[in-house]
1. Taking the solvent-accessible surface of protein heavy atoms with a 1.4 Å probe, what is the per residue accessible area of the chain in Å²?
2. How far apart, in nm, are two points set 7 Å out from the Cα along the Cα-to-Cβ line at R15 and at E58?
3. Arranged from highest to lowest average of other beta-carbon atoms within 10 Å per residue, in what order do the peptides 12-19, 40-47 appear?
4. Would you work out what percent of the accessible area of the chain, with all protein chains in place, is carbon or sulfur (probe 1.4 Å)?
Amino acid sequence: MGPLEQARQAEAEIRRGDWRGPLHGIPLALKDLIDTSGVPTTAASAHYKDHIPVDDAEVIRRLKAAGAVLPGKAEPA
């Protein structure tokens, strides 16, 4: 599910009174070090250029459970 769909779902849940907590509906950019299922995670390393995790890291599972909207990864500076 893309970020726009995530935001719409969060809005609908909040309107129904199904509030998950202070992160519900808040968009968060993630560092490219954290495994996110189906999203390339390279850690800015050529060694991991083709790494696409099949499972979410624990922090991602918890953010999703808290209703955070995860639009993508932050590029290294």
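The values are calculated or read from the model by the stated rules, or taken from the named source; none is laboratory data. Worth saying up front: this structure is predicted, and the values here are computed from it rather than measured. With ideal geometry, Cβ positions are generated from the backbone for all residues, glycine too; neighbour counts draw on all protein chains shown. Surface areas here come from the heavy atoms of the whole protein model, side chains and all, with no ligands, DNA or RNA. Shrake-Rupley method; radii C 1.70, N 1.55, O 1.52, S 1.80 Å.
1. About 69 Å² of surface per residue is accessible.
2. Simple spin-label model gives 3.7 nm for this pair.
3. Values: 12-19: 10.8, 40-47: 12.5.
Top of the packing list down: 40-47, 12-19.
4. Working: 3090 of 5340 Å².
Whole-percent figure for carbon plus sulfur exposure: 58.
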